[in-house]
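The values are calculated or read from the model by the stated rules, or taken from the named source; none is laboratory data. Since the structure is predicted, the reported quantities are computational estimates derived from the model, not experimental observations. Here the Cβ positions follow ideal geometry from the backbone for every residue, glycine too, while neighbour counts run over all protein chains shown. Heavy atoms of the whole protein, side chains included, go into the accessibility calculation; ligands, DNA and RNA do not. Shrake-Rupley method; radii C 1.70, N 1.55, O 1.52, S 1.80 Å.
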Protein chains: 2
Amino acid sequence: MKYQQISIIGAGNVAWHLALALERAGHTINEVYSRDIIKAEQLANSLYNSDPVDDLDFETSASDVFIIAVPDDAIEVVARQLLVPTNALVAHTSGSQPIDILMGYDFEPAVFYPLQTFTKGTELDIQEVPFCIEALNAESLKLVQALAKTVSRRVEIISSEQRKTLHLAAVFACNFSNHLFHLASNVLEADELEFDLLHSLIAETVNKALEIGPARAQTGPAIRGDQRTMKKHLDLLVDNPELHNLYQQLSQSIVANK
Amino acid sequence: MKYQQISIIGAGNVAWHLALALERAGHTINEVYSRDIIKAEQLANSLYNSDPVDDLDFETSASDVFIIAVPDDAIEVVARQLLVPTNALVAHTSGSQPIDILMGYDFEPAVFYPLQTFTKGTELDIQEVPFCIEALNAESLKLVQALAKTVSRRVEIISSEQRKTLHLAAVFACNFSNHLFHLASNVLEADELEFDLLHSLIAETVNKALEIGPARAQTGPAIRGDQRTMKKHLDLLVDNPELHNLYQQLSQSIVANK
């Protein structure tokens, strides 16, 4: 594909990771926008030749692709104020917002959603991150697909409906399982045990789930129907109604999905 | 330490991994016991010079360490029938059974518990697996500790009470989080999406939890207090009372542990 002229709207973690990856892939990042010009400068300074701006009027910009990487509830505000050259493509990067949020303006809407959690200062292999893309016509789809392929090996056309499902599944698989790690670390702490005792077991559990699928990988008292061990565990949690309740519910759910 | 003369009681996954690791560390595995002599033979054949047996009379064995790696509910039966040379050390490998289960017999009880999930045919670096050990006197403790150190970099003296806590925490961190992966894959499947779209995100979530701790690593709508997104997710789950309920409970728990 030809190298693109791009502007990045936003200067948070997603903006940082995308801007650096797109530049590394050969594209030009002409501007970085943030309401906070200091933040725009920090990111622009990390790029080859990029102007920091705190104004959404891009009518004289050389870019034809604009990537909105701002918090979900700011996308609409940005879209309303955004002025871009005619026929420019404007893509948001949100897992939970439909493409519609960018409709009705004087630009081509698209979605350019990297399915990953980005942490400042943490390098990760963006080539392995699935990019979920969407557009309203073939030409825009082709453009956003080609762009995604320059940074990732895994590019999927995903509808706004499917993206909702994906986001919900990610909450279960990531936010909720991370919370279970947190609860486990609380349980250990109360008995003066370190969470890192579980590191090797957690790492292997996840490897196994990704390798053979979580259904086949399941072990433990609930799937075995080991009532004695479950009873012992519930007895240990008798003074902690929250964990007691979660233990019961999750065990029942394991049995119900067997 | 001196190399030990060891017999392995059991021929399941734990027995396989321990026998191979102990032999690799220089110890001698004299016998492998299984009720099913074919299984005993399979493991014994994978070892340098080991006899398969289906009888628990080890009085003439050259071993002074006996490792019981059988299902939890079989440990007591084995202990009752086991005949070993005077002063032999007998260690079980269970995360959920107290050391008491080996008391009252003519041998020295101990615990030699590798905190890991072992899968047949899956190699893992046993040096990284924490070994939780316990014994009733200093001499036995020293022996079982030295033995564990020959196979693992991480050996911890853990009481039976603490081991219960550890096992409970492992159910939360591993069985339950694996179940959440399973639920996530069901959610995706219903919308014709592949679970492996989440691989990169799950791997990074776990890396982050292990690196900076799960409390600091938490992201998502619940911790942000993003009621709008939570409402949308609950609406998607309206026909699935099980997931609807779990979503609510886990979100509440995230907020309560903030």
Quick P(r) readout (the protein assembly as shown; Cα-Cα; 20 Å bins; whole %) gives 21, 43, 26, 10, 0
Cα centroid of region B:40-57 to Cα centroid of region A:99-121, whole Å
61
Place the label 7 angstrom along Cα→C-beta at B:ASN13 and in each other copy, then list the distances from the first to the rest in nm, shortest first.
3.2
Computed about the Cα centre, the charge dipole of chain A from +1 Lys/Arg and -1 Asp/Glu charges at the Cβ has a magnitude in debye, to the nearest 20, of 1160
With a point put 7 Å past each Cα toward its Cβ, work out how far A:ALA62 is from B:VAL77 in nm, to one decimal.
7.9
What is the Cα convex hull volume of region A:128-196 when expressed per residue in Å³?
81
Antiparallel as a % of all DSSP beta bridges within region A:5-158, to the nearest 5?
15
Springs between alpha-carbon atoms under 10 Å, Gaussian network over chain A: tell me which of A:GLN81, A:GLN97, A:GLN218 tops the mean-square fluctuations.
A:GLN218
Given the options B:GLN116, B:LEU201, B:GLN227, identify the residue whose Cα lies farthest towards the positive end of the charge dipole of chain B (+1 on Cβ of Lys, Arg; -1 on Cβ of Asp, Glu).
B:GLN227
Most mobile listed residue (A:ASN13, A:ASN240, A:ASN45) in chain A, GNM with C-alpha springs under 10 Å:
A:ASN240
Quickly work out the A:ASN245-to-A:LYS120 label distance, labels modelled 7 Å from Cα along the C-beta direction, and quote it in nm with one decimal.
3.6
Let me check I have the definition right: for chain B, take the eigenvalues of the Cα gyration tensor, multiply each by 5, take square roots. What are those semi-axes in whole Å, largest first?
44, 19, 17
Taking the label point 7 Å from Cα along the Cα-Cβ vector, the copy-to-copy distances for B:ILE37, listed from shortest in nm with one decimal, are 8.8
Under the Debye formula (equal points on every Cα, no solvent term), log10 I(q)/I(0) of region A:5-158 at q = 0.12, 0.14 Å⁻¹:
-0.43, -0.59
Shielding by other protein chains, B:156-168, mean Cβ within 10 Å
4
Please compute the Kirkwood hydrodynamic radius over region A:100-220, one decimal place, Å, based on all pairs of different Cα atoms.
17.4
One residue of chain B has its C-beta nearest the axis rotating B onto A; that residue and its distance in whole Å are B:SER177, 2
Every other copy gets compared here: list the nm distances from the A:LEU234 label point (7 Å along Cα to Cβ) to its counterparts, shortest first, one decimal.
2.7
Before we go on, tell me the buried accessible area for the A/B pair, both chains summed, 1.4 Å probe, in Å² to the nearest 100.
8100
Need one number: nm distance between label points at B:GLN42 and B:ASP55, each 7 Å from Cα along Cα→Cβ, rounded to one decimal.
2.4
Column: log10 I(q)/I(0), Debye, Cα scatterers of region B:163-256, q = 0.14, 0.20, 0.24 Å⁻¹:
-0.62, -1.29, -1.55
In peptide A:216-229, what is the residue-averaged number of other protein chain Cβ atoms found within 10 Å of each Cβ?
4
Share of alpha-carbon pairs per 5 Å distance bin for region A:3-67, given as whole %:
4, 22, 36, 26, 11, 2
Among A:LEU20, A:LEU246, A:LEU143, the residue with the largest mean-square fluctuation in a Gaussian network model of chain A built from Cα contacts under 10 Å is A:LEU246
In debye to the nearest 20, how big a dipole does the protein assembly as shown give about its Cα centre with +1 on each Lys and Arg Cβ and -1 on each Asp and Glu Cβ?
0
Taking every residue in A:92-99, how many Cβ atoms of other protein chains lie within 10 Å of its Cβ, on average?
1
